[in-house]
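Quick notes on the structure that follows.
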Amino acid sequence: MLTVEAMYSFLFFSCVLWTLVVYLCLSIKPRTSTPWPLLYFAETLPMNKTKFLQSVISLTLFLAIAAPPTHAADPLQLITPGEAASAKLTTDPAEGVDGKPSLKGDSRLSANEWNEFFHSKVGLFQPNEAYKVSFDYKVLARDTAARFYSLFRKVDGADKGAGWTEWGDGPGKTGHVEMAFAAQGIENGILIIGIQHKGALSIANIQITADPIHRPVIVTLPTLRRTWKSPGNTTYYADSAQGIDAADGRTPKHAWRSLDKINSGEFAPGDHILLKSGSRWIGFLTPGGSGTSGKPISVSSYGNGPLPAIDAAGKALATVYWKNTEYWDIGKLDIANRAPAPVAHLAGVLLDGYEFGPMHGFRLHDLNIHDVHGSNVKDDGGGNGICCTSGGPSHKTRYDGLTIEDCRLTRTDRNGITMGCYYSRPEWPLSTHVVIRRNILEDIGGDGIVPIGCDGCLISHNILRGGRMRATDYAAGIWPWACDNTVVEYNEVSGMKGTRDGEGYDSDYNSRGTLFQYNFSHDNDGGFMLICSDGAQKPPWNIGNSGTVIRHNVSVNDGLHTFNITGSCSNTQISDNVFYVGKGLDVSLVNGDKWGNVWPVDTRFINNVFYVAGKGHFNLGDMIGTTFEHNAYWGDIADRPADPKAILIDPKLVRPGGETAADYALRADSPLNLPR
């Protein structure tokens, strides 16, 4: 079979030979009046022989440069010596892949959960290149909890890495792993192969090939250059069709044409920046300056027609970008970031604070954000419709007053509305007065709404239709992470795809006192609710998941698990909800599991309705202290838990199988309306 390397070599030397032959033909006069076929071809080209020779040489050089380098082989030539790589060469035919000498990793005597037995040599991978990696393996031993994995990561382990791949075959099984990843911005990246928990594995036939077709595009944030200052309390206008940049921008007749004047300005309290309706710009918007609590700086539209549209076209990591500023009111814009190929970290709107201290008074409203072509791989950096980040080791930055309301987000990859803030408790401060309400999100690549590092965040009256539409890693609809006292209420989530996680809602880890109430969830592949915390992640940074309350919600035709409760979760109360499983569905109503070798503790189910028109079952596993009290169970339900006051008659809902939350209210004659 012709290999890629052989094909490139053939093309390269063919071009060299072709160049010499054509050049000789162009240099020699034939004796006959009938032209040689090759000479005829050359003479009819619309260029002289010098230009033709230059073109062929250019093609030859292109093939030589584009040929993907491949590192093959002998695994011992690729591995880093020392403790970081504990793999040993085995020549035992019973242990080797296909009976050949192979590298062997064995964690059966290790006290660690994660055992990285293979680290490739530093320098094998170049930053900002894409790669394909493949190897063969043979499983020698594996306990029930073990899994084998490979990834690409910085040598110091300071990032999450890329290309994560895992498998869990039984002893004696052989197989083939193929990875693809981009080393975007990663200096000193290495290939890692390891074993979680206890097992043994041999590997051989490692192939590392550059993948220039998928080489990452280098895109940066907009450059901030301020060349003038506003006196404040001034209105400025921009019109992409009729404006003139030489004008003063202070009336519609003297509007600016480009966004350059706005981007170079440092605005002041009371200023208004107005973009004409129907205008269209390719570029980005990043004005400077800060307002005050009584006089924010505003950005909006003027005139009649479609919203003014700005599209960074994948040439900047954010279409609308604010850095280290406060008291802004931004609304009535059409925002896109259409990149020719997915770009990690791409955003429609990015608010960024670093070493600034508290950032006050941001309001984003009435924005139409769509077609943001970020990466759908979380570990590569993903992408967001709206992203609000904060950080810094000394002047710790957080949001105090952030409102995102009445926006529409469509086809944003990877996520809808997210935050990137302090998640480790010793590093906190928490953002406060964060409100995300009345937004509509549709066709979202991965996660929907994810606040991080907040206290008292309110997520209310949002609608999410279709999430995890393109991502293949874990994603859910609405979920706080590393937050305290979050309130998630009156939202509707539907159409989450897949079962990694694929739930409509999620109470995630390092969080306390999360309240989910009056929400509607339907037709989500992964289920209604994930409650989770990685038990292997310990205090002080992660205190687990405690005090979650889930009440007065309606779940209709959510798949896989109505509830998936796993890991270090404690003191969870689930009450007064209705869970409906339609015909043809077979759902685990409550699935208990361990994560990080820890089971959930003290979970209470009170006054809920489990209405099953299809099939349902309970799988509590080894959950500790789980109780059921006065719940209603109706339909084909297996393994029903002990419930001393269970109601086993028709609960009489208004219209079971209906499409709205109101269809699942109790009828006046429901037995559940009686005193309990």
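Condition check: touching a residue at least 60 places away in the same chain (Cβ under 8 Å), among the aliphatic types (A, V, I, L, M) and at positive phi. Does residue 471 satisfy that?
Spelling it out, it is not the case that residue 471 is touching a residue at least 60 places away in the same chain (Cβ under 8 Å), among the aliphatic types (A, V, I, L, M) and at positive phi.
How many residues does region 93-109 contain that are among the small types (Gly, Ala, Ser) and open to solvent by 40 Å² or more (accessible area, probe 1.4 Å)?
1
So the check is Cβ under 9 Å with 6+ separation or different chains; which pairs have a first residue in region 101-120 that's without any contact (Cβ under 8 Å) to a residue 24 or more places away in the chain and a second one that's surrounded by fewer than 22 Cβ atoms within 10 Å (Cβ to Cβ)?
Close Cβ pairs satisfying both conditions: 109/198.
Search region 406-420 for residues that are over 18 Å from residue 435 (Cβ atoms) and pair each with any residue that is outside any strand (DSSP E or B) and of a type in the set (D, E, K, R) when their beta-carbon atoms are under 8 Å apart and the residues are at least 6 apart or on different chains.
410/443; 411/443; 413/470; 414/378; 414/447; 414/470; 415/447
Which members of region 473-482 meet the condition of being in a strand (DSSP E or B) and open to solvent by 10 Å² or more (accessible area, probe 1.4 Å)?
481
Of the conditions (1) buried (at least 24 other Cβ atoms within 10 Å of the Cβ); (2) in contact with a Cys (Cβ under 8 Å, 6 or more places away or on another chain); (3) within 22 Å of residue 346 (Cβ to Cβ); (4) of a type in the set (A, V, I, L, M, F, W, C), residue 440 satisfies every one except a single condition; which number is it?
(1)
Please determine, by comparing only the residues of region 98-116 that are assigned to a strand (DSSP E or B) and of a type in the set (Asp, Glu), which one is farthest from residue 202 (Cα to Cα).
The qualifying residue farthest from residue 202 (Cα to Cα) is 116.
Could you look through region 389-403, keep only residues that are in contact with a strand residue (DSSP E or B) (Cβ under 6 Å, 6 or more places away or on another chain) and touching a residue at least 40 places away in the same chain (Cβ under 8 Å), and pick out the one that is most open to solvent (accessible area, probe 1.4 Å)?
Ranking the candidates gives 398 first.
Within the group 312, 318, which residue is open to solvent by less than 10 Å² (accessible area, probe 1.4 Å), closer than 15 Å to residue 222 by Cα and in contact with a Ser or Thr (Cβ under 6 Å, 6 or more places away or on another chain)?
Being open to solvent by less than 10 Å² (accessible area, probe 1.4 Å), closer than 15 Å to residue 222 by Cα and in contact with a Ser or Thr (Cβ under 6 Å, 6 or more places away or on another chain) holds for just one of 312, 318, which is 312.
Name the single residue, out of those in region 617-659 being without any contact (Cβ under 8 Å) to a residue 24 or more places away in the chain and β-branched (Val, Ile, Thr), that is surrounded by the most Cβ atoms within 10 Å (Cβ to Cβ).
Only one residue tops the list, namely 654.
Can you list residue pairs whose Cβ atoms sit under 6 Å apart, with the first residue in region 165-190 being over 18 Å from residue 94 (Cα atoms) and open to solvent by less than 30 Å² (accessible area, probe 1.4 Å) and the second being aromatic (Phe, Trp, Tyr) and in a loop (DSSP other than H, G, I, E, B)? Count only pairs 6 or more apart in sequence or on different chains.
183/125; 189/125
Of (1) at pLDDT 95 or above; (2) over 16 Å from residue 419 (Cβ atoms); (3) open to solvent by less than 10 Å² (accessible area, probe 1.4 Å), residue 344 satisfies all except one. Which?
Only one criterion is unmet by residue 344, namely (1).
Any idea which residue in region 581-613 is farthest from residue 548 (Cα to Cα), counting only those that are open to solvent by 20 Å² or more (accessible area, probe 1.4 Å) and aromatic (Phe, Trp, Tyr)?
Going through the qualifying residues, I end up with 611.
In region 338-368, what count of residues is obtained for those that are part of a strand (DSSP E or B) and either out of contact with any Leu (no Cβ under 6 Å at 6 or more places or on another chain) or closer than 23 Å to residue 382 by Cα (or both)?
Here the count works out to 17.
Restricting to region 232-272, name every residue that is assigned to a loop (DSSP other than H, G, I, E, B), open to solvent by 30 Å² or more (accessible area, probe 1.4 Å), closer than 23 Å to residue 311 by Cα and charged (D, E, K, R).
245, 257, listed by residue number.
Might you let me know whether region 571-579 holds any residue that is part of a loop (DSSP other than H, G, I, E, B), under 23 Å from residue 533 (Cβ atoms) and either in contact with a helix residue (DSSP H, G or I) (Cβ under 6 Å, 6 or more places away or on another chain) or open to solvent by less than 10 Å² (accessible area, probe 1.4 Å) (or both)?
Looking for residues that are part of a loop (DSSP other than H, G, I, E, B), under 23 Å from residue 533 (Cβ atoms) and either in contact with a helix residue (DSSP H, G or I) (Cβ under 6 Å, 6 or more places away or on another chain) or open to solvent by less than 10 Å² (accessible area, probe 1.4 Å) (or both), one finds at least one in region 571-579, hence yes.
When the residues of region 415-431 are filtered to those that are buried (at least 17 other Cβ atoms within 10 Å of the Cβ) and among the hydroxyl-bearing types (Ser, Thr, Tyr), which remaining residue is farthest from residue 355 (Cα to Cα)?
Residue satisfying both the conditions and the ranking: 418.
Within region 483-546, which strands (runs of 3 or more DSSP E) (wholly inside it) include 3 or more residues that are open to solvent by less than 20 Å² (accessible area, probe 1.4 Å) and not hydrophobic (A, V, I, L, M, F, W, C)?
503-507
The values are calculated or read from the model by the stated rules, or taken from the named source; none is laboratory data. Since this is a predicted model, take the numbers as computed values, not measurements. FYI the Cβ positions are ideal-geometry reconstructions off the backbone, even for glycines, and counts take in every protein chain you see. These area figures cover heavy atoms from the full protein model, side chains too; ligands, DNA and RNA do not enter into them. Shrake-Rupley method; radii C 1.70, N 1.55, O 1.52, S 1.80 Å.
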